[in-house]
Structure formats: C-alpha cells, structure tokens
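**Q** One structure is given below, represented as structure tokens, and several questions about it will come after.
No lab work stands behind these numbers, since they all come straight from the coordinates. The shown structure was predicted, so the numbers you read here are calculated from the model rather than taken from an experiment. Here the Cβ positions follow ideal geometry from the backbone for every residue, glycine too, while neighbour counts run over all protein chains shown.
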Amino acid sequence: KQEVTQIPAALSVPEGENLVLNCSFTDSAIYNLQWFRQDPGKGLTSLLLIQSSQREQTSGRLNASLDKSSGRSTLYIAASQPGDSATYLCAVREVEYGNKLVFGAGTILRVKS
Amino acid sequence: NAGVTQTPKFRILKIGQSMTLQCAQDMNHNYMYWYRQDPGMGLKLIYYSVGAGITDKGEVPNGYNVSRSTTEDFPLRLELAAPSQTSVYFCASSYINLAGDGDTQYFGPGTRLTVL
C-alpha cells in the first residue's frame, strides 16, 4: 500500500530565506507526483506536476524534483515571502482506484515578515 | 469557466440525519473524485467515477453513496450521519485518456461538515 510522508510537519522561517520541503513515498510505481498549496479554509491549488519520466519542474520561485527510484521529492522555495504561508501537500498518482492521488499529511509553512 | 464547484460550504447535521453534498465541474472531465480531509491528515479517497454512469469505491466508502448521471455532476450522499463523518469534503476532477495520461486534478473549495 502506497504511503506518502512529508517532513517537516511544520516550518517557520524569516522572510527571504530559501527553504526545502521533503516528500517520500513507499512504492515507486507512480504515474506522477504533484505539489499542492492549501490556504486555511480553502481548496487545493496545484503548484507543480512532475511526470514519472521527469526529474524536475520549475515555476517561478518554485522548483520540484523527483527521484522515483529512491521514492523522494523535494519542493524548493526561493526567497520566501509571507504570502507563501500555507500548507503544502505532496501527492502521488497511482494506477489503482481510478488513478487516485495518495496524499501526505502536509507541511505547514509560516514565513515571518 | 467556474472549474469545480461545491455546495454547501458549511453544514451541521445531527446524528442520524442524511444529506447530499453537491459537486459540479464545467471542464468536461471524465474522472471525478470525492475525498475527505481530517485534521492533520492527508486527503483520503471516498468514491470516484471514470465517466457518467460508472462509479466505484475508494479507500473509505462506508457510510457514503454516489451517483453520476451526467458528466458534470457527482453528488455525495451521506445516510445516517455519524460523528466520525465530521470532516472537510473535497470534490475533484481530471481528464485521463485511454493511455492513462492525465492532467492535474482540479479541486473544489470544500464542504466543512460537522455531525453532532
């Protein structure tokens, strides 16, 4: 059974700092991996999607990497801003259950001004 | 283009009551999903649908039912609500072709349900 773990569970950093969020998964047979952002009381917004054949994706200050063989992904946020404060969720897409997403519990990020 | 919409946003139920959570998407996606999110936990799949008229159970289907009569709508029915069903419910949709290639899942804003 696929399990997704995110470390750390919470992170508080000063504005301007570069930071790394970690995600690990137990079964490397995945279609893709996604990073989502969730603001309090809101739905999920997709940040980056990495196909299983890719190594990384970039969008603005965000860079996500994928090492499928070791079951790891990292989300790198450059020059963090208070507006980056949110919960970041990692999810892998599986074949079974209708191509469902298996989610980690998330990393709660707070960027202090 | 509204994306994925959910109603209601909030609801309080008494134990044993029933209700339907509504979900609609206007992106002509074939796949639709219902997840629940409990505090401090990741989302867990309740039910999913691969197209109109086709539904199947996810990881945590007990106490729920779904139907998919149209491509756009995927309502989730709670029968005999229990305190364990207190959660935030998210509907999502995506397009996946016959080869299994697909886009990201798009999520609705969620329904916060409390059962007392």
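**Q** When only C-alpha pairs under 8 Å and at least 6 residues apart count, what is the relative contact order of segment A:42-97, in percent? Spell out each step's value before the answer.
**A** Working: 46 pairs, mean separation 11.0, N = 56.
Taking the mean separation of contacting Cα pairs over the length of segment A:42-97, I get 20 percent.
**Q** Give the Debye-formula value of log10 I(q)/I(0) at each listed q (0.14 Å⁻¹), with one equal scatterer per alpha carbon of segment A:61-113, two decimals each.
**A** Here the Debye-derived log intensity ratios amount to -0.48.
**Q** Further question on the same structure: Can you pull the mean other chain C-beta count within 10 Å for peptide A:32-39? Let's see the in-between values first.
**A** Working: counts 4, 0, 2, 0, 4, 0, 5, 0.
Mean inter-chain Cβ contacts per residue within 10 Å come to 2.
**Q** What number does segment B:68-116 give for Rg over Rh if you use C-alpha atoms and the Kirkwood radius?
**A** Working: Rg = 14.3 Å, Rh = 13.2 Å.
Over the Cα atoms of segment B:68-116, Rg/Rh equals 1.09.
**Q** Additional query: Per-residue mean of other chain beta-carbon atoms within 10 angstrom of the beta-carbon, peptide B:98-105? Don't skip to the answer; put the middle values down first.
**A** Numbers: counts 0, 0, 4, 3, 5, 3, 12, 10.
That works out to 5 on average.
**Q** With all pairs of different alpha carbon atoms counted, what Kirkwood hydrodynamic radius in Å does segment B:8-50 show?
**A** Numbers: mean 1/r = 0.0776 Å⁻¹.
Every distinct Cα pair counted, the radius reaches 12.9 Å.
**Q** Count neighbours as other Cβ atoms within 10 Å of each site's Cβ, and list the chymotrypsin sites (Phe, Trp or Tyr not before Pro) in segment A:1-56 that are DSSP loop with at most 11 such neighbours. The partial results should precede the final answer.
**A** Values: sites: A:PHE25, A:TYR31, A:TRP35, A:PHE36; in loops: A:TYR31.
Here no chymotrypsin sites (Phe, Trp or Tyr not before Pro) fit, given the DSSP loop and packing criteria.
**Q** Where does chain A land at 222 nm, in deg cm²/dmol rounded to the nearest 500, when only DSSP H runs of n ≥ 4 count, each adding -39500 (n - 2.57), divided by all residues?
**A** Details: 1 runs with 4 residues, N = 113.
After summing the helix terms and dividing by residue count, I get -500 deg cm²/dmol.
**Q** Please state, rounded to one decimal and in Å, the Kirkwood hydrodynamic radius that segment B:38-96 gives when every pair of distinct Cα atoms enters the mean of 1/r.
**A** Details: mean 1/r = 0.0799 Å⁻¹.
When all Cα pairs of segment B:38-96 are included, the Kirkwood radius is 12.5 Å.
**Q** Still on this structure: For a quick size check, give me the Cα extents of chain A along its three principal axes, largest first, whole Å.
**A** Sorted largest first, the three principal extents are 43, 29, 20 Å.
**Q** Relative contact order for chain A: what percent, with Cα pairs under 8 Å and sequence separation of 6 or more? Mind dumping the intermediate values first?
**A** Numbers: 287 pairs, mean separation 41.0, N = 113.
Result for chain A is 36 percent.
**Q** Among the lysines, select those whose C-alpha is under 29 Å from the C-alpha of B:LYS14, and discard any that sit fewer than 8 residues away in the same chain.
**A** Partners found: A:LYS42, B:LYS44, B:LYS57.
**Q** While we're on this one: Taking the Cβ of B:TYR47 as the centre, find all other residues whose Cβ is under 13 Å away and add up their charges (Lys, Arg: +1; Asp, Glu: -1). Could you put the intermediate results ahead of the total?
**A** Values: positive: A:LYS100, B:ARG36, B:LYS44, B:LYS57, B:ARG68, B:ARG77; negative: B:ASP56, B:GLU59.
Around B:TYR47, the surrounding residues sum to +4.
**Q** Find how many whole Å separate the alpha carbon centroid of segment B:63-96 from the alpha carbon centroid of segment A:47-80.
**A** 31 Å
**Q** Along its principal axes, what span do the Cα atoms of the protein assembly as shown show, with the longest given first and each in whole Å?
**A** Its Cα atoms span 49, 41, 36 Å along the three principal axes.
**Q** If you don't mind, another one. Could I get the Rg over Rh figure for chain B? Both from C-alpha atoms, Rh via Kirkwood, rounded to two places. Display every interim value, and only then the final one.
**A** Working: Rg = 13.6 Å, Rh = 14.2 Å.
Using only Cα positions, Rg/Rh for chain B is 0.96.
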